[in-house]
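Novice: Before we start, here is the structure in question, set down as structure tokens.
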Number of protein chains: 2
Amino acid sequence: LLPFEFKIFDLKSADDVYFAIRNMVVRGAPLIGVTAAFGIYLALVNPGKSKLSNEYILEVAKKLESARPTAVNLKYAIKRQMNAIKSNGSPNEKAQIALKTAGEMLREEREYCRQIGLHGLALIEKLYNKKSKKTVNILTHCNAGWLACIDYGTATAPIYFAHDKGINVHVWVDETRPRNQGARLTTWELDHQGVPYTLITDNAGGYLMQQGLVDLVIVGSDRTALTGNVVNKIGTYLKALAANDNNVPFYVALPESSIDWQLQNKLNQVQIERRSAEEIMFVEGSHENKIKKIRICPENARIANFGFDVTPARLITGLITDRGICKAKKEDILKLFPEYS
Amino acid sequence: LLPFEFKIFDLKSADDVYFAIRNMVVRGAPLIGVTAAFGIYLALVNPGKSKLSNEYILEVAKKLESARPTAVNLKYAIKRQMNAIKSNGSPNEKAQIALKTAGEMLREEREYCRQIGLHGLALIEKLYNKKSKKTVNILTHCNAGWLACIDYGTATAPIYFAHDKGINVHVWVDETRPRNQGARLTTWELDHQGVPYTLITDNAGGYLMQQGLVDLVIVGSDRTALTGNVVNKIGTYLKALAANDNNVPFYVALPESSIDWQLQNKLNQVQIERRSAEEIMFVEGSHENKIKKIRICPENARIANFGFDVTPARLITGLITDRGICKAKKEDILKLFPEYS
């Protein structure tokens with residue numbers, strides 16, 4: 001509903017959680033992972049019509065995992081939660097364990113983002129000094145802010161830390177069709193943080209880079225392969241190409257929870273979510289203080305809606321992780337995360 | 001109003017013509033040039049409040065030229081018309097000359113597009129045979145169809161000729177934010193021609209090319225430098241980068257009237273139109289059979305709206321001109337148009 005309405009939506013059952021993830025009431029890789037973990041907890045305390053059984057919990061886990069196919073956090077969070085509760089115990093004991101585990105994940109994700117912010121801050125500060133303290137212009141795509149995470153955001157965390165430190169930053173916000181997360185969420189979030197921004201169409205980033213109006217690109221990631229390829233919101237790849245063509249540094253900010261340690265090579269190994277044609281056919285917005293949907297193309301238009309694309313590691317200047325900045329390369333990633341070697 | 005309403009809007013005065021060009025009732029480089037030429041004629045037969053004088057006509061010419069700054073056709077068309085009527089003669093004689101000149105330009109532009117279609121057809125036919133007569137998938141950006149020209153279109157002419165010849169073609173249509181010419185006009189036009197198409201967001205083209213789902217890109221051009229750089233609708237550059245990165249042939253279809261023979265080198269020598277923030281803030285569409293505008297971002301959002309970008313010649317496989325296909329290079333362009341050497 002943002003930025004037109006602000007509402008609190010309570011999730012009271014695993015079905016609510018499924019609905020919220022599926023319909024993007026919560027969205028963003030870190031947030032949907034943690035929300036799903038709480039979903040398992042809710043299934044344990046509130047089994048709905050079915051009697052509480054291992055089969056039922058397994059079914060809930062499968063359903064939650066299917067709600068969105070691309071982000072790896074969802075898979076990981078559910079796996080971790082299911083491992084935590086797999087030993088025998090009373091339903092009540094299991095529920096307590098699930099609540100504790102979900103809470104741990106929540107705190108971890110928050111801390112990941114804080115760390116990303118600190119590491120990314122150093123990067124922005126360096127550019128700021130290099131520009132003799134002239135405004136650093138940062139382009140971002142979609143929303144990888146606190147609305148997508150627990151707090152701070154991934155791509156936005158370095159920006160918020162820089163802004164809080166008195167560094168002049170300005171953000172170019174891609175509107176991010178078809179769901180307009182940039183136009184609706186990132187603008188709203190930046191405004192709440194007091195960070196200056198300018199909204200642009202997804203088509204404009206290349207031109208801005210040609211004109212020298214972008215100093216840095218920071219985007220989030222829905223899934224990062226161990227080899228450094230990044231699956232993120234559709235259109236990210238185009239911005240990476242433009243950054244590469246204009247020698248603009250292109251960084252991806254991501255918590256370790258969105259690295260897919262199994263994904264080793266091929267670009268097309270990840271299932272790219274195909275979403276409903278209606279997301280493109282209809283645009284949602286505000287008209288006379290009501291949220292309305294209007295049709296922007298012929299009624300009978302054939303439409304294809306791909307949710308993500310893959311940015312090859314070769315186009316990425318670096319990954320800003322919670323453990324530091326590294327090249328988008330397996331050996332460099334594993335230096336920061338040796339336990340996955 | 002398309003595709004929601006179809007209306008005929010009569011241009012009865014130079015002011016009407018200015019309004020129509022400025023507000024994109026007519027749009028597309030070839031069409032606005034010819035329309036402006038008729039605008040001078042209308043000023044001669046219907047001088048409005050002012051008495052007909054050379055100063056008045058000059059003023060009209062200047063005003064018409066200022067209606068859109070980027071396309072070179074507008075400048076050329078007005079220059080040609082003004083040259084045609086510059087010799088002495090009665091207002092009536094001048095009006096007759098102006099009508100004749102505008103009519104000549106109209107027929108020329110139409111023939112340019114037909115020739116572009118024939119040359120481009122050969123290209124598509126070759127791909128079709130190479131693919132053992134499997135559907136040729138062509139991506140296009142914005143609308144460079146007959147709605148932007150007098151007839152046939154520029155980028156669409158080869159597609160229409162191929163379709164008419166029984167070659168299976170399918171068009172990926174970029175929606176083309178912020179004005180959605182792809183979603184609104186190209187879809188409507190292709191549908192009227194019976195050509196299969198799929199509407200996508202501007203963000204999706206790169207992904208489709210990564211997946212091998214695009215055989216060819218054809219776009220139009222608002223202004224082509226003699227050196228082969230192409231000024232076209234914002235976002236064209238991003239698609240050229242993606243085509244280049246995936247070895248997809250990237251062609252620009254253009255009549256000689258949109259070549260800027262004076263523009264020799266720098267990418268940023270052309271004035272890139274900055275348009276109103278409202279075009280991004282509000283999206284126009286159909287709601288309960290009425291055309292409505294809805295706001296898609298916060299009310300106080302800061303917005304920048306750039307109309308065009310520049311695709312460097314190095315990313316262009318070839319130019320489809322009315323005299324044949326050539327490389328996007330000065331020497332190759334001049335081989336087709338030796339009179340400009």
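Novice: I'd like the Karplus ³J(HN,Hα) series for the range A:9-23: coefficients 6.51, -1.76, 1.60, θ = phi - 60°, whole numbers in Hz, and an x wherever there's a Gly or Pro.
Specialist: Along the range A:9-23, the couplings run 10, 7, 9, 10, 8, 4, 5, 4, 5, 4, 4, 5, 6, 4, 9 Hz.
Novice: Hey, got the dipole for the protein assembly as shown? About the Cα centre, +1 on K and R Cβ, -1 on D and E Cβ, debye to the nearest 20?
Specialist: 480 debye
Novice: Considering every residue in A:179-189, what mean count of other chain Cβ atoms within 10 Å of its Cβ is obtained?
Specialist: 3
Novice: Averaged over B:234-246, how many beta carbons belonging to a partner chain fall within 10 Å of each residue's beta carbon?
Specialist: 6
Novice: Which of the GluC sites (Glu not before Pro) across the range A:237-341 are loop residues per DSSP, with 12 or fewer other Cβ within 10 Å? Working shown, then result.
Specialist: On the way: sites: A:Glu256, A:Glu273, A:Glu278, A:Glu279, A:Glu284, A:Glu288, A:Glu299, A:Glu331, A:Glu339; in loops: A:Glu273, A:Glu288, A:Glu299.
Hits after loop and neighbour filter: A:Glu288, A:Glu299.
Novice: Using the Kirkwood radius over C-alpha pairs as Rh, can you work out the diffusion coefficient of the range A:59-113 via Stokes-Einstein at 37 °C, viscosity 0.692 mPa s, in µm² per second? Mind showing how you got there, number by number?
Specialist: Details: Rh = 12.1 Å.
Translational diffusion coefficient: 272 µm²/s.
Novice: Can you give the direction-averaged projected area of the convex hull of the alpha-carbon atoms in the range B:35-169, in nm²? Let's see the in-between values first.
Specialist: Values: hull surface 37.1 nm².
Result: 9.3 nm².
Novice: How far, in nm to one decimal, is B:His287 from itself in the other copies if the label point is set 7 angstrom along Cα toward Cβ? Shortest first, please.
Specialist: Copy-to-copy label distances at B:His287, shortest first: 0.3 nm.
Novice: Where is the GNM fluctuation largest for chain A (alpha-carbon springs, 10 angstrom cutoff): A:Glu189, A:Glu59, A:Glu111?
Specialist: So, out of A:Glu189, A:Glu59, A:Glu111, the one fluctuating most is A:Glu59.
Novice: What ³J(HN,Hα) values, in whole Hz, does the Karplus curve 6.51 cos²θ - 1.76 cosθ + 1.60 give for the range A:195-204 when θ = phi - 60°, with x put for Gly and Pro?
Specialist: Karplus-based 3J(HN,Hα) across the range A:195-204 equals 8, x, 8, 9, 7, 10, 6, 4, 6, 8 Hz.
Novice: Treating each Cα of the range B:123-233 as an identical point scatterer and ignoring solvent, apply the Debye formula and state log10 I(q)/I(0) at q = 0.12, 0.17 Å⁻¹.
Specialist: Ignoring solvent entirely, the Cα scatterers give -0.39, -0.79.
Novice: Calculate the radius of gyration of the Cα atoms of the range B:212-341 to one decimal place, then report Dmax, the largest Cα-Cα distance, as a whole number, both in Å.
Specialist: 17.8, 57
Novice: Now, a different point. Kirkwood hydrodynamic radius of chain B from all distinct Cα pairs, in Å?
Specialist: Evaluated on chain B, it is 20.7 Å.
Novice: Please tell me which of these pairs span more than 24 angstrom C-alpha to C-alpha: B:Lys165/B:Lys233; B:Lys100/B:Lys327; A:Lys290/B:Lys7; B:Lys130/B:Lys165; B:Lys12/B:Lys100? If you can, show how the numbers build up before the last one.
Specialist: Numbers: B:Lys165/B:Lys233 29 Å; B:Lys100/B:Lys327 34 Å; A:Lys290/B:Lys7 29 Å; B:Lys130/B:Lys165 17 Å; B:Lys12/B:Lys100 17 Å.
Exceeds cut-off: B:Lys165/B:Lys233; B:Lys100/B:Lys327; A:Lys290/B:Lys7.
Novice: Run through the other copies and list how far each one's label point is from that of A:Phe6, in nm with one decimal, shortest first; the point sits 7 Å from Cα along Cα-Cβ.
Specialist: Nearest to farthest, the other copies are at 4.8 nm.
Novice: Further question on the same structure: For B:Leu58, go 7 angstrom from Cα along the Cα-to-Cβ vector, then report the distances to that same point in the other copies in nm, smallest first.
Specialist: List, nearest first: 8.9 nm.
Novice: Once the Cα atoms of helix A:72-84 and of chain A are each reduced to a long axis, what angle between those two axes, in degrees from 0 to 90 to the nearest 10, is obtained?
Specialist: 30 degrees
Novice: Using Cα pairs under 8 angstrom and six or more residues apart, how large is the relative contact order of chain A, in percent?
Specialist: Averaging sequence separation for qualifying contacts and normalising by length gives 17 percent for chain A.
Novice: Suppose a student asked you for the relative contact order of the range A:95-184, using Cα pairs under 8 Å spaced at least 6 residues apart; what percent would you report?
Specialist: Rounded, it is 31 percent for the range A:95-184.
Novice: If you place +1 on the Cβ of every Lys and Arg, -1 on the Cβ of every Asp and Glu, and leave all else neutral, what size is the dipole of the range A:52-187 about its Cα centre, to the nearest 20 Debye? Working shown, then result.
Specialist: Working: 21 positive and 13 negative charges, 81 e Å.
Roughly 380 debye for the range A:52-187.
Novice: For the range A:149-159, what does the Karplus curve 6.51 cos²θ - 1.76 cosθ + 1.60, with θ = phi - 60°, yield as ³J(HN,Hα) per residue in whole Hz, taken in order and with x for Gly and Pro?
Specialist: Coupling constants for the range A:149-159: 10, 8, 7, 6, x, 9, 4, 7, 3, x, 5 Hz.
Novice: From zero outward in steps of 5 Å, how is the percent of C-alpha pairs of the range B:275-327 spread across the bins?
Specialist: Final binned percentages: 4, 15, 14, 12, 10, 10, 10, 13, 9, 3.
Only the coordinates and a few stated rules stand behind these numbers; no lab work does. Everything numeric here is computed off the predicted structure, so don't read it as measured data. Please note: Cβ atoms are built from the backbone with ideal geometry, for glycine as well, and neighbour counts cover all protein chains shown.
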